[in-house]
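Coordinate-derived values only; no laboratory data. Nothing here was measured: the structure is a model prediction, and the numbers come from that model. Cβ sites come from the backbone with ideal geometry, for glycine too, and all protein chains shown count toward neighbours.
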Amino acid sequence: MRYLVLIALLAATATLVGCMPKSITIQLDGKSAEVGESTVMRDKLGGPKIAQIDLTGVISSAPTSPFGTSAMLDDFAAMLAKAEGDAQVKAVLLRINSPGGSVAASETLAELISSFKERTDKPVVASMAEVAASGGYYTAITADRIIAQPSTITGSVGVIVPTLNVSQGMAKLGIRSRSVISGPNKDIANPMEPINEEHYEILQGIVDEFYIDFRTRVLAARPNIEDPDSVLDGKVYTGRTALKLGLVDELGGIPEAFKAAKELAGLNSAVLVKYHRGAAAPMTPYASAHAQPTSQPSTGAIDAILNWKDKLTQSGATDPGFYYLWLPPGLLSID
């Protein structure tokens, strides 16, 4: 039963959007650990570098843990800057394991990648892991090539702003809410006031605007999608189905993405280096690239979102806002 209460609190918090700006501030904290690199894969003849940058978890501008000030966007920007400044890096392999996140943070990630490509002419290959859905897919379409594993969960092109209304339940207990507001829309979708359909029309207009932007970006990047009205309606797909629908370019894992990055960079032989910050040096391309509190071991995207009480709070997804986010059915389970 506790999950029902917690999801109610999450949804109620997400409705308080009256003062929410659609903006992100990136702060590169000088006290944070420097970006390091470790060789995790190499051809026999060696050669220039392909830089692997991981995008793991819910996309947010919030700190990646309650014990530090470094945020996902800070880490990502710092790693792209390192790849840009290293003349030996000829391409970037973006390993995505994310169900998405806030609209603004997803948009910021996409802009960071696009501007990196424009400035450097270095190709970017997206490699999808367990999940690359919603905001994860929004990020992937900025790459020059998208490679998904057959079992990857991707798609979920759409926008969500979860809401909850508890006014009737409160009334049965004799509890009434009354907000003092400066205008009729200041307490938009207040969960403690009776439902106001005009408020939801306002929210729907914003959701529609964000969805049009998402859909337009997808069709610009993936013009071969034959039936966008059906494909881009929020459904999720396996990597195998996504290939048939034109959402990705090929099936494979990190070795195939490494090969694609070499092809796009015009290399016959290369070394794959994995960037990391504040963490033990990874020994393989599959290892965690970010520091984790000792009580919070690194997990995959599915574990991170199912264990939402801890993980979503850490990632900032409990902040009021609009999300390019896939919430799997297991997240709403009740015990």
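Specify the residue that is farthest from ALA71 (Cα to Cα); the eligible residues are those in region 106-136 that are touching a Pro at 6+ places or on another chain (Cβ under 8 Å) and either part of a helix (DSSP H, G or I) or not hydroxyl-bearing (Ser, Thr, Tyr) (or both).
Out of the qualifying residues, it is LYS117.
Return yes or no: is PRO228 surrounded by fewer than 17 Cβ atoms within 10 Å (Cβ to Cβ) and touching a residue at least 60 places away in the same chain (Cβ under 8 Å)?
no
When VAL180 is evaluated against the numbered criteria (1) surrounded by 13 or more Cβ atoms within 10 Å (Cβ to Cβ); (2) more than 20 Å from the chain's Cα centre (by Cα), which criterion, by number, is the only one it fails?
Against the list (1) surrounded by 13 or more Cβ atoms within 10 Å (Cβ to Cβ); (2) more than 20 Å from the chain's Cα centre (by Cα), VAL180 comes up short only on (1).
Within region 166-173, is there a residue that is touching a residue at least 12 places away in the same chain (Cβ under 8 Å), hydrophobic (A, V, I, L, M, F, W, C) and closer than 26 Å to TYR286 by Cα?
no
Look at ALA71 and say whether it is buried (at least 21 other Cβ atoms within 10 Å of the Cβ), touching a strand residue (DSSP E or B) at 6+ places or on another chain (Cβ under 8 Å) and within 21 Å of LEU232 (Cα to Cα).
no
Working only within region 135-150, note down all residues that are of a type in the set (Ser, Thr, Tyr) and surrounded by fewer than 24 Cβ atoms within 10 Å (Cβ to Cβ).
THR142
Quick check: anything in region 252-263 touching a strand residue (DSSP E or B) at 6+ places or on another chain (Cβ under 6 Å) and surrounded by fewer than 20 Cβ atoms within 10 Å (Cβ to Cβ)?
Checked region 252-263: at least one residue is touching a strand residue (DSSP E or B) at 6+ places or on another chain (Cβ under 6 Å) and surrounded by fewer than 20 Cβ atoms within 10 Å (Cβ to Cβ).
Report the residue count in region 151-162 for those that are surrounded by fewer than 24 Cβ atoms within 10 Å (Cβ to Cβ) and under 14 Å from LEU251 (Cα atoms).
1
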